[in-house]
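Step one of this worksheet: look at the structure below.
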Amino acid sequence: MSQKRGFLNHIRPHGVSEKAMSFGYTFCLGGVSFLAFIVLGLTGILLMFHYLPGAKSGYASVTTLASVIPFGGLIRNLHFWAGQVMVVSVSLHMVRVVRTKSYRPPKEWNWLVGMSLLVLTLVLDFTGYLLRGSQESGAAAAVAVHILTLLPGIGRPLAQMFLGEVSAANSSTLMVYVWHCVALPFLALWLQMFHFWKIRKDGGVRPL
Amino acid sequence: MAGIRTLRDEDGCSKIGVPGRKKVLVRGVSMKTGSSGSERINLSWAEREMLAGLVFLTALVLVSALFPAAVGTGPQAPLLRHAAAPWIFGPIQVLLLYVPPLVGAWLIPGVFLIFLFLFPWLSRGRGARPAFYFFVFFAGAVLVLLAMYVWLG
Ligand code: HEM
């Protein structure tokens, strides 16, 4: 294989500095976050074949997935654990960036992209929890609506816009479903591609 | 160390780095070094990343096979009296035990978030040290609140 051609070499540099590749510099945390995101995307699509949002159908389809569908339980567990790992790895990745002072110019703009990804990751985790449709999810939905409506004036419209008709009795609404399965993942994917492009633009992962 | 080659920067990133300076690079393609008999294979970055990825995926599959995710309490079951937030929002739930909702759910998390977004700018020049201490303080507070959340159930 030619060293300059080939798909991998096209999207990534021909050579990467030894420091950037050393485990103790990045602890693979950005890479782990991205890999967890890919696992989430793939298992998420598989879950969508069976999941049906709705007051009763949400929870019912989750229990069917967990106990009846062949490998449904494993796929769901993978989706769940990859989600938990991603929250932890993204947070620790941020701590790593602070430790190595990699937020300094010209990397401060990529820090903003990263922060947006952190917020998105948290919101994705939360909306996923709502889709479970359990009573606990209902309680979480009710608390979220309550917290949003605390904001004078804009609170109620915000809650309407982002959570729709969720309530303690039904957290698995079509709106939460579309946010969780389509809108937020696509936004996160796009931001991650931008994050990676910006890393190279900023001179690659290397001590400043 | 295996895998180290001294090359000129060929990755097209040198515009911002130090142009033309020699760097220690890990190649994109693995190669053999040393004379026959004592040959070593230097893993490329792509191979190293794939190995790390395989280790991660194996661990994830193991955990998923051993520890099923909870399904929670069904809507048909008797009504719950007490419900905990998902653990990632545990710190906010603990805060709400002690401070009014607007402060615990908006003010404190909001200040923390704005601080984080602005961190690179706040930590310029003389602000570097205080900003860093604030970061450590906030991160520590989140950990303490998480521990309290686990402790209180
Ligand atoms: C979905 C979430 C994220 C993914 C998938 C991701 C992925 C990555 C990857 C693969 C790298 C290369 C180096 C490494 O692995 O550490 C990186 C670097 C970087 N990330 Fe992230 N990241 C995410 C979130 C964040 C967050 C939350 C921040 C900070 C608030 C951030 C800021 C940065 C910065 C500044 C760099 C450049 C570091 C350097 O040059 O040393 N990222 N990211």
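Between B:ILE41 and B:ALA141, what FRET efficiency comes out of the Förster formula 1/(1 + (r/R0)^6) with R0 = 56 Å and r the beta carbon distance, rounded to 0.05? My answer for the efficiency is 0.75. Most tightly packed first, judged by the mean number of other beta-carbon atoms within 10 Å of their residues, the peptides B:86-92, A:79-85 read A:79-85, B:86-92.
Within segment A:74-152, what whole-number % of the accessible surface is contributed by carbon and sulfur, with the 1.4 Å probe and all protein chains included in the calculation? Intermediate values should be presented prior to the final figure.
Values: 2140 of 2850 Å².
That fraction is 75 percent.
For A:ALA66, the shell of other residues with beta-carbons less than 13 Å away shows a net charge of +2, using +1 for Lys and Arg and -1 for Asp and Glu.
Only protein atoms count toward the accessible area here, which uses a 1.4 Å probe; on segment B:87-152, the carbon and sulfur part of that area reaches 81 percent. Peptide A:73-85 has a mean of 5 when you count, residue by residue, the C-beta atoms of other protein chains within 10 Å of its C-beta. When the Cα positions of A:ALA159, A:TYR129, A:TRP190 are compared along the charge dipole of chain A, A:TRP190 comes out farthest toward the positive end, with charges on each C-beta of Lys, Arg, Asp and Glu. Shielding by partners for peptide A:153-163, expressed as the average number of C-beta atoms from other protein chains within 10 Å of each residue's C-beta, is 0. What separates the Cα centres of segment A:153-199 and segment B:42-98 is a distance of 19 Å. For segment B:98-115, 3J(HN,Hα) computed residue by residue from phi via the Karplus equation (6.51, -1.76, 1.60; θ = phi - 60°) reads 10, 10, x, x, 4, 6, x, 9, 10, 5, 5, x, x, 4, 4, 5, 5, 4 Hz, glycine and proline entered as x. Scanning residues 5 or more positions from B:VAL26 or on other chains, those with amide H under 5 Å from its amide H are A:VAL16, A:SER17, A:GLU18, with H placed 1.01 Å from N in the peptide plane.
The values are calculated or read from the model by the stated rules, or taken from the named source; none is laboratory data. Remember, it's a predicted structure, so these values are computed and weren't measured experimentally. Cβ coordinates were reconstructed from backbone atoms using ideal geometry, including for glycine residues, and neighbour counts include every protein chain displayed. Surface areas here come from the heavy atoms of the whole protein model, side chains and all, with no ligands, DNA or RNA. Shrake-Rupley method; radii C 1.70, N 1.55, O 1.52, S 1.80 Å.
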